[in-house]
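The values are calculated or read from the model by the stated rules, or taken from the named source; none is laboratory data. This structure is a prediction, so every number in the text was calculated from the model and none was measured. Cβ placement follows ideal geometry from the backbone for every residue including glycine, while neighbour counts extend to all protein chains displayed. Surface areas here come from the heavy atoms of the whole protein model, side chains and all, with no ligands, DNA or RNA. Shrake-Rupley method; radii C 1.70, N 1.55, O 1.52, S 1.80 Å.
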Amino acid sequence: MELTDSGLLKAQAHVGGTWVDADDGSRFAVRDPASGAELARVARLSATETMRAIDAADGALAKLARLGAAGRAALLTRLASELERHAEDLARIMTAEQGKPLPESRAEVAYGRAFFEWFAGEAPRIYGRVVPPPSDDKRVLVLRQPVGVGAAITPWNFPSAMIARKLAPALAAGCPMVLKPAEATPLSALTLAELASRAGAPDGAFNVVTTDADGADAVGRALCASPVVRKLSFTGSTAVGKLLAGRCASTVKRVSLELGGNAPFLVFDDADLEAAVEGALIAKFRNCGQTCVSANRFLIQAGIYDAFRDRLRGRMETLQLGPGDRDGTDLGPLIDGQGLAKVERLLDDAREHGADVLLGGARVDAQTTFYPPTLVEGVTPQMEIFREEIFGPIVTLTRFDDEAEAIALANDPRAGLCAYYYSRDLGRGFRVSEALEYGMVGVNTGLISNAAAPFGGVKESGLGREGGAEGIEDWVETKYVCFGDCHPTG
Ligand code: ADP
């Protein structure tokens, strides 16, 4: 990996402002998903070191408070500058460990940076309230204070931005953090820790506890069980989110969960066909379909169905598969063999139940996890591929006749993160936006994420919102203060 600043590549964990190994010296391999090559051997921490990280974070609470809102805003601004200065190196590290095309990695670094900029603006605006008292001897104040030490557990699909979305509001509010990044992509997390230090973050304000897949449960248990940790913010699978939320109940910890989606992408007869196809490509193929807001089910109205399918197929045939650092690559590899096996299982089930594969439909070779853009039609709600998040480059087509049927199909699964639709009818725009049981709706666009917007889901897709004015709420606690003996003079 060629980097301008080789000091950004770290293999130790970051606890209390210092780089540390596991107590027993153990390490695990981080690999390039495109080639299988080993990129680094990273410290494999356990529960004991996690407890130390929690203590370090606890010690940083007072340091963040002493900075004041202006000081925390300045810290976030400096961190954003560091991210900008090192954007190219960060993108290269990300592509190496995650596999996404370099332009997408660059876009993710910029997206992550935007959260530090946004929450630098929010930090001085975490207002409390002075409430008119019910009687003239009282005064009523509502304070908004940091929740306390936060824990974060993040996934591999956005190795940097998923952390930024949690860390930026946490620091803005004055909450130190202990992060356990995904085992596949710890390097991007560690670069963030290095840049936070360079930006002047107090020791212990941002701790990164790295471990492998086998170690995740022990680290997670330590975070969930600790009474010092007052909040867990998790992004990942619905199954693990439910498990962690259950564990957090023992200490009545606050939880924010950003879990799996199963996004419907509706195209109505009156849609702009060209725009719908371009939006579909973005919503489906970004990060090779491995995002929680990836379009999972394409619901197409009968009148535009054939034209949409044929045009999309033509565009899909032009997509280039390859390593993320090769010019012109549109789709990188799937993250690992497990991801590939899931895609294959879902497609087998769809085939068995009568779906037709029009394009793609088989892995590229036996050695790698590259999977081609795949188009399937005749998909029904009974098929697993309709009910489960695919996390791969498969477009499934389902035809509908009218708006009511479209809404019923869209709202069918238990996920409720993000939905998209294309229509030029203004009345339908209001009706459909209101009827979709999702936390986020993209209308005539396939790309909705930005730092100014509250990102999050309903139903089994999660709790809480990240980004926007709402994003700070997850990191502040409300305290009511009542002053007595305040009779007005005279
Ligand atoms: P994905 O399918 O995207 O890998 P996961 O939910 O398995 O989703 O992983 C998301 C994050 O949750 C990763 O950091 C992973 O290590 C972590 N994780 C998985 N299982 C556990 C667990 N039992 N306890 C704590 N963290 C876990």
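Tabulated data for the structure shown
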read-out	value
Estimated D of region 299-458 in µm² per second, where Rh is the Kirkwood radius over Cα pairs and Stokes-Einstein applies at 25 °C, 0.890 mPa s	142 µm²/s
Estimated dipole of region 66-126 in Debye, rounded to 20 [Cβ of Lys and Arg +1, of Asp and Glu -1, Cα centre]	280 debye
Amide hydrogen neighbours beyond the local backbone of residue 400, cut-off 5 Å, H modeled	300, 301, 302
Listed residue pairs exceeding 20 Å between alpha carbons, taken from 100/242; 166/231; 180/459; 242/479; 100/459; 138/479	100/242; 180/459; 242/479; 100/459
Extension gain (nm, one decimal) between residue 351 and residue 69, 0.36 nm per residue minus Cα-Cα	95.8 nm
Residue among 57, 397, 26 farthest towards the positive dipole end of the chain, charges placed on Cβ	57
Calculated FRET efficiency for the pair residue 85/residue 402, C-beta based, R₀ 56 Å, to 0.05	0.55
Within the chain: Cβ-based charge dipole about Cα centre, in debye rounded to nearest 20 (Lys, Arg +1; Asp, Glu -1)	1600 debye
Nearest-ten-degree value, helix 238-248 long axis tilted from longest Cα axis of the chain	20 degrees
Phi to ³J(HN,Hα) by Karplus 6.51 cos²θ - 1.76 cosθ + 1.60 over region 293-305, Hz, x for Gly, Pro	9, 4, 4, 10, 9, 9, 9, 10, 6, 3, x, 10, 4
Whole-number percent relative contact order across the chain, with pairs defined as alpha carbons under 8 Å at least 6 apart	18 percent
Estimated inter-spin distance, residue 411 and residue 481, nm [label 7 Å along Cα→Cβ]	4.5 nm
Net charge dipole size for region 448-490 [Lys, Arg +1 and Asp, Glu -1 on Cβ; Debye, nearest 20]	80 debye
Whole-Å distance, taken between Cα centres, linking region 419-451 and region 131-192	29 Å
Pairwise label distance in nanometres, residue 430 with residue 218, each label 7 Å out on the Cα-Cβ vector	5.9 nm
FRET E, pair residue 382, residue 327, Förster distance 41 Å, beta-carbon r, rounded to 0.05	0.45
Area accessible to solvent at residue 448, 1.4 Å probe radius, in Å²	40 Å²
Residues with amide H under 5 Å from that of residue 152, placed H, sequence gap 5 or more	178, 179, 180, 233
Percent accessible area from carbon and sulfur atoms, the chain, protein chains only, probe 1.4 Å	52 percent
Whole-number D in µm² s⁻¹ for region 227-353, Kirkwood Cα-pair radius fed into Stokes-Einstein, 37 °C, 0.692 mPa s	188 µm²/s
Extension gain (nm, one decimal) between residue 318 and residue 29, 0.36 nm per residue minus Cα-Cα	100.6 nm
Selection from 216, 112, 143, by position along the positive dipole direction of the chain (Cβ)	143
In degrees, nearest ten, helix 47-85 long axis to first principal axis of the chain (Cα)	80 degrees
Cα-only Debye scattering, region 135-213: base-10 log of I(q)/I(0) at q = 0.12, 0.18, 0.20, 0.23 Å⁻¹	-0.38, -0.70, -0.83, -1.05
Part-to-part distance (alpha-carbon centres) for region 286-313 and region 67-127, which is given in Å	31 Å
Degrees, to the nearest 10: 161-173 long Cα axis against longest axis of the chain	20 degrees
DSSP bridge pairs, region 99-253: antiparallel proportion in percent, nearest 5	20 percent
Computed lengthening from residue 344 to residue 143, 0.36 nm per intervening residue step minus Cα-Cα distance	67.1 nm
Over the chain: helical MRE at 222 nm, DSSP H runs n ≥ 4 each giving -39500 (n - 2.57), nearest 500	-12000 deg cm²/dmol
³J(HN,Hα) computed for each position of region 213-228 - Karplus, 6.51 cos²θ - 1.76 cosθ + 1.60, integer Hz, glycine/proline x	4, 6, x, 4, 5, 5, 5, x, 4, 4, 5, 5, 7, 5, x, 6
Estimated inter-spin distance, residue 243 and residue 302, nm [label 7 Å along Cα→Cβ]	4.6 nm
Whole-Å distance, taken between Cα centres, linking region 467-490 and region 356-376	56 Å
Estimated FRET transfer efficiency when R0 is 25 angstrom, pair residue 130-residue 452 (beta carbons, to 0.05)	0.35
Solvent-accessible surface (1.4 angstrom probe) belonging to residue 46, in square angstrom, nearest 10	40 Å²
Under 5 Å, built H, 5+ apart or other chain: amide partners of residue 204	16, 17
